[in-house]
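See structure below.
Any read-out appearing in this document is the output of simple, stated calculations on the displayed coordinates, not a laboratory observation. Remember, predicted model here, so these are calculated numbers, not experimental data. Glycine gets a Cβ as well: all are built from the backbone with ideal geometry, and neighbour counts include every protein chain shown.
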Amino acid sequence: MAQEREVTLYGKLADPMGALVRVGGGEHEEPVCAVRARVAALEPRLGELLADPRVRACIDGTMATDGALVGPGHSVEFIPVVSGG
């Protein structure tokens with residue numbers, strides 16, 4: 001049975017679709033880059049924003065590389081670069 005994976009988006013990443021999105025693939029382990037691709041495919045503008053290499057991923061609250069593995073039940077978050085003065 002296919003399970004959805006919940007992904008939290010922060011800052012400008014949340015603008016196109018909101019702070020919480022659901023994608024397939026939650027029933028198995030996959031790399032962060034696969035989760036990123038699933039989320040990016042939901043909406044063109046979101047895809048553009050996630051393509052920025054400065055966007056960071058977190059798995060269960062820990063920063064992770066695109067090659068890190070996300071298991072079933074793990075939380076995934078994407079955080080954009082924040083600038084200010």
>> Run the simple label-point estimate for CYS33 and ALA68 please: 7 Å along Cα→C-beta, distance reported in nm.
In response: 1.6
>> Give me the extension gain from TYR10 to LEU42: residue separation times 0.36 nm, minus the current Cα-Cα distance, reported in nm with one decimal.
In response: 9.9 nm
> Which of [x] 12.5, 35; [y] 14.4, 51; [z] 12.1, 48 is the computed Rg and Dmax of the Cα atoms in Å for the structure on display?
Replying inline: [z]
>> Helix-only estimate, please: 222 nm mean residue ellipticity of the chain, summing -39500 (n - 2.57) across DSSP H runs of length 4 or more and dividing by its residues, to the nearest 500.
In response: -5000 deg cm²/dmol
> What is the dipole size for the chain, taken about its Cα centre, with +1 at each Lys and Arg Cβ and -1 at each Asp and Glu Cβ, in debye to the nearest 20?
Replying inline: 220
